[in-house]
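Novice: The structure that follows is given in the form of structure tokens.
The values are calculated or read from the model by the stated rules, or taken from the named source; none is laboratory data. Computed from a predicted structure; not experimentally measured. Positions of Cβ are generated from backbone atoms using ideal geometry, with glycine treated the same way; all protein chains shown enter the neighbour counts.
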Amino acid sequence: MNMTNAVYFSKFLVTKQVFFQTNHSYALVNLKPLVPGHILIVPLRTQVHNLCDLTSEETLDYFDTLQVIHQFIKWQFKADSLNIAIQDGPEAGQTVPHLHTHVIPRYRLNNVGDRFYEDLDKWRFNDWEQRRQDYLSMGAREGRKAFAKPDDQRYARTQEDMEDEARYLANQLNKFFLENPYLKRECLSL
């Protein structure tokens, strides 16, 4: 990737982990993903700690980036659903003081969990009832634990692994845009 400017996630240099970038936002591979395809969307401006710190222009770009990458991750990882999560502040679990959105692929048959699912066993919505029943028949939250690694068992990947994944995802994103030209956005050269 031939990025001209350094990209930071708070104080961490992440330029080589970035696989998509616009004028105000970027998508990068995760240091400690919960599952393959767990990526982050982040504003370029490092002073943006919380969602309310985005300017109007940054907000439009950020959520446009999120929508495009949402569709790409579903396509790339053949996901049935996605978790889209913002931990807005340290009390909400934000560990890096820079706004970021987690995009996490989820699957009907081997749904792996984390704390986002704590209340799912009790959740109801008519159109989703069959999927919920499928989820419950697999053991619900307890059944997912067999597939999920607790945070203390997740290890940081090497810089080389993350760079390789970022290059691969950037290449796949180009294929995605060829198949879905209406989603193509102005992005910076990577």
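Novice: Go through the residues of the stretch 36-52 one by one and say whether even a single one is of a type in the set (V, I, T) and part of a loop (DSSP other than H, G, I, E, B). Show your work before the answer.
Specialist: Here is the first cut: in the stretch 36-52, the residues of a type in the set (V, I, T) are 39, 41-42, 46, 48.
Right, trim to part of a loop (DSSP other than H, G, I, E, B) and you get 46, 48.
Yes: the stretch 36-52 contains one or more residues that are of a type in the set (V, I, T) and part of a loop (DSSP other than H, G, I, E, B).
Novice: Right, next: Would you point out the residue of the stretch 37-69, among those that are hydroxyl-bearing (S, T, Y) and in contact with a Ser or Thr (Cβ under 9 Å, 6 or more places away or on another chain), that is farthest from K175 (Cα to Cα)? Outline the logic, then answer.
Specialist: Initially, the stretch 37-69 is screened for residues hydroxyl-bearing (S, T, Y), giving 46, 55-56, 59, 62, 65.
Checking which are in contact with a Ser or Thr (Cβ under 9 Å, 6 or more places away or on another chain) leaves us with 46, 62, 65.
On the way: T46: 30, Y62: 22, T65: 17 Å.
Of everything passing the filter in the stretch 37-69, T46 is farthest from K175 (Cα to Cα).
Novice: Just the residues that are out of contact with any His (no Cβ under 9 Å at 6 or more places or on another chain), buried (at least 17 other Cβ atoms within 10 Å of the Cβ) and not small (G, A, S), please, taken from the stretch 74-87.
Specialist: K74, Q76, F77
Novice: Just checking, does the stretch 70-79 include any residue being part of a loop (DSSP other than H, G, I, E, B), farther than 17 Å from Q172 by Cα and not hydrophobic (A, V, I, L, M, F, W, C)?
Specialist: No, the stretch 70-79 has no match at all.
Novice: Check the stretch 50-59 and report whether any residue there is in contact (Cβ under 8 Å) with a residue 12 or more places away in the chain and β-branched (V, I, T).
Specialist: The answer is no; no qualifying residue exists.
Novice: Given the criteria at pLDDT below 50, surrounded by fewer than 19 Cβ atoms within 10 Å (Cβ to Cβ) and under 24 Å from L31 (Cβ atoms), does Y107 qualify?
Specialist: Considered against the rule, which asks whether it is at pLDDT below 50, surrounded by fewer than 19 Cβ atoms within 10 Å (Cβ to Cβ) and under 24 Å from L31 (Cβ atoms), Y107 comes out as no.
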